[in-house]
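Beneath this line is the structure, given in structure tokens, with notes to follow.
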Amino acid sequence: MAQSQAHEEIAPRYEALAKVVSAVVAALDHLGLPSTDADGARAEARGLVAEMAKAEPDRGVVKRGVTMLNGLLASALTGTNQAFAAESTERVRSLIAQLVSAVPN
């Protein structure tokens, strides 16, 4: 999704976040999210990559995008999907933590 799929140059300091966003997109089909949440996460990821590809990304837009993506991922942890596997729970928590820590200061 990030540099390889979108063929977009990511702004300096945003490369790590772009890699995490790409990992989130790659994991979506394996996390057991409802299709509407997975589709929403993909759309949010596309928006994040587009913003990070700008010469001067708007940090507020990036932070809001990460917050939205985190929220969509966290919805999987609310217990609405009783069949949600423990390994998927850990993967979602890991992805959320990686997203938060990859946002440039």
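Each reported figure results from applying straightforward, stated rules to the coordinates on display, with no laboratory input. Keep in mind that what you see is a predicted model, and the values were worked out from it rather than measured. All Cβ positions, glycine included, derive from the backbone under ideal geometry; neighbour counts span all protein chains shown.
Length gained on full extension, residue 86 to residue 100, computed as 0.36 nm times the residue gap minus the Cα-Cα distance: 2.9 nm. Projecting the Cα atoms of 35, 50, 66 onto the dipole axis of the chain, where Lys and Arg carry +1 and Asp and Glu carry -1 at the beta carbon, places 66 farthest toward the positive end. Read through the labelled values [x] 1.55; [y] 1.27; [z] 0.97 and report the label of the one computed as Rg/Rh (Cα atoms, Kirkwood Rh) from the structure. Of the listed options [x] 1.55; [y] 1.27; [z] 0.97, [z] comes from this structure. Modelled label positions at residue 8 and residue 78, each set 7 Å beyond Cα in the direction of Cβ, lie 2.8 nm from each other. Relative contact order of the chain: 35 percent, from C-alpha pairs under 8 Å at least 6 residues apart in sequence. Local charge for residue 55 was computed over the other residues whose Cβ lies under 15 Å away, with Lys and Arg +1 and Asp and Glu -1, and equals -3. On full extension, the segment bounded by residue 36 and residue 64 gains 8.2 nm, given 0.36 nm per residue less the C-alpha separation.
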